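The numbers here are math on the coordinates, done by the rules we state, and not lab data. Small disclaimer: the values here were computed from a predicted structure and weren't measured. All Cβ positions, glycine included, derive from the backbone under ideal geometry; neighbour counts span all protein chains shown.
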Amino acid sequence: MTRRRKPSHSWVYVIWGLNGIAILSLLAFTVLYRTGLHASAAEELIPTARPGETRQIPPTRYYLPTLTPNPFYTPPVFETSTPFVLANGPLPTMIGFSLAGRPIDVYTFGAGEKKYLIVAGIHGGYEGNTIALANELITHINENPGAIPTDVTLYIIRNMNPDGEARDSGVDGRVNNNGVDLNRNFPTDNWAADWDRDGCWIYRPTKGGAYAGSEPETRSVMSFIRSHKIDAMISYHSAALGVFPGGVPWEEPSKRLAKALAKATGYPYPPVDTGCEYTGTLADWAVENGVGASVDMELSNHRYTDFKENLKALQVLFNFQP
Ligand SMILES: [Zn+2]
């Protein structure tokens, strides 16, 4: 009898083994999953912590700078159409910027208690010889420090309208970049956006500004004058009409200053009356706002600086008591 080979059952064990592993895996998965559910449920049950009391922070001693850039900031452009730098002399102080970002500078000489101011270039390149005169005066005083008496401080704003100067040296260089006549933009009692042109300058359209004191050039000079107690000032123009006292009507101290300046320089006083009504001028605003005396003074033409005459004018200014 052939021994019948006993059939092998090993495949049964393999299958049951696999089943067992599968069942254990399923159990393990179920247990882990349920534990996970409990855990998340438990998290939901924990009450959300309430915000604590606001902490009192003691005030800081400093105003920390903000990182937010100022959207109205105009980056300075360090150039002028006629670069003016003293080889070895004081640096000017910037008192503001023109619409195009050109600096408006003031030179300071002396440290006396009597304070005088000269403003040139309010009518830009059209009256560019006033800027040239300011440059000559600055250079002269720097080379001759004795020109300033010990009781005097002299401020020279050499170019109040640098954009006008950069634009043109003729009639197109008179206004600022908004088309405003800066000598009609000051917030005087008589400021006007527009005026009767009879007897006035009519070679190009001009205006007094969107409102009194609307232009940055005007505001720079206003803020300088307000922060310095000026005894007397000259606002330079050209050409030929003479010396106009500040004030509406002309104030006595300004008339006295105008007469004395006219006598020293030979410029006409009383000034030539063309019938023009002047509104919003620097000279009028100055006397309405604490300056002892002020004049608009016109050089004899648009070309020359009348340097010698204006050195004499400087002496008059330094001896003037409002
Ligand atoms: Zn002028």
- Of all the C-alpha pairs in segment 156-220, what % are more than 15 Å from each other? 50 percent
- Item | Mean Cβ neighbour count within 10 Å, used as a protection proxy, ranking 117-123, 172-178 highest first | 117-123, 172-178
- Task: Subtracting the Cα-Cα distance from 0.36 nm times the residue separation, let me have the gained length for residue 319 to residue 263 in nm, one decimal.
- Result: 18.8 nm
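Based on the alpha carbons, how large is the Rg to Rh ratio for segment 195-238 when Rh follows Kirkwood?
Details: Rg = 13.9 Å, Rh = 13.2 Å.
Over the Cα atoms of segment 195-238, Rg/Rh equals 1.05.
Working out 0.36 nm times the residue gap between residue 8 and residue 111, then minus their Cα-Cα distance, what length gain in nm do you get to one decimal?
Values: separation 103, 0.36 × 103 = 37.08 nm, distance 12.13 nm.
In short, 24.9 nm is gained.
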- Given labels modelled 7 Å from the Cα in the Cβ direction, how far is it in nm from residue 240 to residue 85? 3.9 nm
- In sequence order, calculated HN-Hα J values of segment 191-205 (Karplus, 6.51, -1.76, 1.60; Hz; x Gly/Pro): 3, 8, 5, 9, 8, 5, 7, 4, x, 9, 6, 10, 6, 9, x
- Task: For residue 229, list the lysines whose Cα falls under 27 Å from its own Cα; do not include residues on the same chain fewer than 8 positions away.
- Result: 114, 115, 255, 259, 263, 312
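What are the equivalent ellipsoid semi-axes of segment 174-270, built from the alpha-carbon gyration tensor (square roots of five times its eigenvalues), in whole angstrom, biggest first? Write down the numbers at each step before the final one.
Details: eigenvalues 115, 68, 30 Å².
Semi-axis lengths for segment 174-270 are 24, 18, 12 Å.
Using every Cα-Cα pair within segment 117-196, state what percent have a distance larger than 14 Å. Let's see the in-between values first.
Details: 2066 of 3160 pairs.
Everything past 14 Å amounts to 65 percent.
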- Work out how much length residue 56 to residue 196 would gain on full extension: take 0.36 nm times their residue separation and subtract the Cα-Cα distance, in nm to one decimal. 44.1 nm
- DSSP loop (so not H, G, I, E, B), at most 12 other Cβ within 10 Å: list which GluC sites (Glu not before Pro) in segment 105-159 pass both filters. 113
- Separation in nanometres of the label points that stand 7 Å from Cα toward Cβ, at residue 278 and residue 34: 10.2 nm
- Message: 7 Å from Cα along Cα→Cβ at both residue 228 and residue 140: what's the point-to-point distance in nm?
- Response: 1.9 nm
